[in-house]
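Here the structure comes first, spelled out in structure tokens, and everything after it is commentary.
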Amino acid sequence: MSEEVFVSPKKKGKIAVFLSGRGSNFMAIHDAILAGKINAEIALVFSDKKDAPGLRIAEERNLETLFLDPKAYPSREAHEKAVTQEIRKRDVDLVVLAGYMRILSPSFCNELKYCMMNIHPALLPSFPGLHVQKKALEWGVKYSGATVHFVTVDVDMGPIILQAVVPVLQDDSEETLSERILKEEHKIYPESVRLYFEGKLEVRGRRVFIG
């Protein structure tokens, strides 16, 4: 049985950003688009939190925003179905998770296979999940960083697109380490999106090859 191969599209794409908080990675991606570095537009900024600061920032940037309250739906799947309809309505090519704090269902992940990215503040596959800077400090690792990956059914385990490495200093706190990692996130997330719409990402099995 031959392994599955996916090649990203070379086109001007449409992006939907999902966020639950301030959306600093969303801003980094939008800034790169405005600077002409990414051949795409943001068609929608979506949140599961009505008061997410990122929604307000998106509105200030004249981008379309949407809030769908998960509590207004009978199940996670029903909420996700409504979200899917909204992104399909806008012909979205790529969903970018930028601090979106809901665990996505397997059916949603499979429907958007290789069309959804996430960024994680650790060097995956080390330290998946939450509180990763705390884990890095407790383990005494000398290096940490950030990982951009395609989203799959297994949380934080999708094919790795780009990674950035930062040193872990002896006097680091969770806050100082997070701040150092965030600076790198703002570089590698826009770069991953750029490569996607330049048709330069090829997924073969677990590996992503950059053309």
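Mind listing whichever residues of the range 96-151 are at positive phi and in a strand (DSSP E or B)?
Our first condition is that a residue be at positive phi; within the range 96-151, this holds for 99, 114, 127, 129, 131, 140, 145.
Selection gives GLY145 alone.
Counting only residues that are among the basic types (Lys, Arg) and assigned to a helix (DSSP H, G or I), how many does the range 168-211 have?
First pass over the range 168-211, keeping only residues among the basic types (Lys, Arg): 180, 183, 187, 194, 200, 204, 206-207.
Add one more test, that the residue is assigned to a helix (DSSP H, G or I), and what stays is 180, 183, 187, 194.
Count: 4.
Quick check on VAL155: is it over 30 Å from GLY36 (Cα atoms), of a type in the set (Val, Ile, Thr) and modelled with pLDDT under 95? Reasoning before the result, please.
Numbers: over 30 Å from GLY36 (Cα atoms): yes; of a type in the set (Val, Ile, Thr): yes; modelled with pLDDT under 95: yes.
Against the criterion (over 30 Å from GLY36 (Cα atoms), of a type in the set (Val, Ile, Thr) and modelled with pLDDT under 95), VAL155 qualifies.
Yes/no per residue for (1) under 20 Å from MET27 (Cβ atoms); (2) buried (at least 19 other Cβ atoms within 10 Å of the Cβ); (3) free of Cβ contacts under 8 Å to residues at least 24 places away in the same chain:
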{"site": "TYR114", "(1), (2), (3)": "no, yes, no"}
{"site": "GLN170", "(1), (2), (3)": "no, no, yes"}
{"site": "GLU174", "(1), (2), (3)": "no, no, no"}
{"site": "PRO190", "(1), (2), (3)": "yes, yes, no"}
{"site": "VAL193", "(1), (2), (3)": "yes, yes, no"}
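Do we find a residue being without any contact (Cβ under 8 Å) to a residue 60 or more places away in the chain, in contact with a His (Cβ under 9 Å, 6 or more places away or on another chain) and among the hydroxyl-bearing types (Ser, Thr, Tyr) anywhere in the range 62-79?
There is at least one residue in the range 62-79 that is without any contact (Cβ under 8 Å) to a residue 60 or more places away in the chain, in contact with a His (Cβ under 9 Å, 6 or more places away or on another chain) and among the hydroxyl-bearing types (Ser, Thr, Tyr).
Which of the strands (runs of 3 or more DSSP E) found entirely inside the range 1-70 contain at least 2 residues meeting this: surrounded by 13 or more Cβ atoms within 10 Å (Cβ to Cβ) and under 18 Å from the mean Cα position of the chain (by Cα)?
Numbers: elements: 5-7, 13-19, 40-47, 65-67.
It comes to 13-19, 40-47, 65-67.
Could you list, in sequence order, the residues of the range 153-167 that are buried (at least 20 other Cβ atoms within 10 Å of the Cβ) and not in a strand (DSSP E or B)?
Scanning the range 153-167 gives a single hit, GLY158.
The values are calculated or read from the model by the stated rules, or taken from the named source; none is laboratory data. Being a predicted model, the structure only gives us computed values, none of them experimental. We place every Cβ from the backbone using ideal geometry, glycine too, and count neighbours over all the protein chains shown.
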